[in-house]
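The values are calculated or read from the model by the stated rules, or taken from the named source; none is laboratory data. Here the structure is a predicted model, which is why all the values come from computation and not from measurement. Positions of Cβ are generated from backbone atoms using ideal geometry, with glycine treated the same way; all protein chains shown enter the neighbour counts.
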């Protein structure tokens, strides 16, 4: 088994990330859909969100011994980074939210009206806990050590920024599928919009990785963009959709930048060169 993991570190990571996450969330989804008689608590999804983190630690340890997980953890806790990129990670999600609000105001001709019921729910203790801790902190810390801490560095050793992102995108997207199916009110149109959002976020996050090699910044941006989206959705669906479009436009601009600069494979990612991906 160890030999297989060393030869196929990305495939092994994908399988373990899916296995750890889905073993918790699929039973919840089956209950929510009425396929089985049991109804398990949604809190199991909090544990399931750490599937990519756990998978990255296990595969990194199998491939590189203690140095593998240490490389990921050191990047995850590295506070030192260029001030400009810290500002980008902290502020750009909320700048996108402000832009979305202004766009709705501009095109509607009136100040966007808040959904008072949704805002009141958001401002409860449970609502704030769900927004900040679950949607932000847990999802950011649970996912990024795997997707950007392990997968993207290995993909970038052989591929350019855009190719690496496009290869990771469907894996990251369908990892979310049982979470999505566990909410019967969501349908395929919502999943299509969610897919565009995941692709857009993947592009932004690869940009952060390329520029900083700092996993903590990716965690911060992931957490804050989720929080900003949650705030937009609680305010009004129009602002939420406008913010989603703003993130998409930003992703398109990043792609144009990549096509002009043509960033190729990277070296010095902290992991050994030459493994199969």
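Odds and ends about this structure:
- Every listed requirement among (1) under 23 Å from residue 184 (Cα atoms); (2) under 20 Å from the mean Cα position of the chain (by Cα) is met by residue 35 save one, (2).
- Of the residues making up the range 167-198, those that are under 24 Å from residue 19 (Cβ atoms), in a helix (DSSP H, G or I) and under 14 Å from the mean Cα position of the chain (by Cα) number 13.
- The set of residues from the range 201-213 being more than 15 Å from the chain's Cα centre (by Cα) and either crowded, with 23+ Cβ neighbours inside 10 Å or more than 17 Å from residue 257 (Cβ to Cβ) (or both) comprises just one member, 213.
- Of the residues 235, 180, 191, 169, the single one that is surrounded by fewer than 21 Cβ atoms within 10 Å (Cβ to Cβ), out of contact with any strand residue (DSSP E or B) (no Cβ under 7 Å at 6 or more places or on another chain) and closer than 24 Å to residue 133 by Cβ is 180.
- Residues being out of contact with any helix residue (DSSP H, G or I) (no Cβ under 7 Å at 6 or more places or on another chain) and closer than 26 Å to residue 165 by Cβ - total across the range 5-56: 5
- Qualifying residue in the range 263-277 (condition: at pLDDT 95 or above, more than 15 Å from the chain's Cα centre (by Cα) and surrounded by 15 or more Cβ atoms within 10 Å (Cβ to Cβ)): no
Okay, residues lined up against (1) within 15 Å of residue 178 (Cβ to Cβ); (2) free of Cβ contacts under 8 Å to residues at least 12 places away in the same chain:
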site: 4; (1), (2): no, yes
site: 9; (1), (2): no, no
site: 12; (1), (2): no, no
site: 31; (1), (2): yes, yes
site: 44; (1), (2): yes, no
site: 52; (1), (2): yes, no
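- Criterion (in contact with a helix residue (DSSP H, G or I) (Cβ under 6 Å, 6 or more places away or on another chain), under 30 Å from residue 30 (Cα atoms) and either free of Cβ contacts under 8 Å to residues at least 60 places away in the same chain or not in a loop (DSSP other than H, G, I, E, B) (or both)) met by exactly one of 247, 225: 225
- In the range 182-209, the residues that are free of Cβ contacts under 8 Å to residues at least 24 places away in the same chain and on the phi < 0 side of the Ramachandran plot form Cβ pairs under 9 Å with partners that are part of a loop (DSSP other than H, G, I, E, B) and surrounded by fewer than 20 Cβ atoms within 10 Å (Cβ to Cβ), at six or more places apart or across chains, as follows: 190/183; 194/176; 194/186.
- Under the condition of being within 14 Å of residue 79 (Cα to Cα) and part of a helix (DSSP H, G or I), the residues counted in the range 199-220 number 7.
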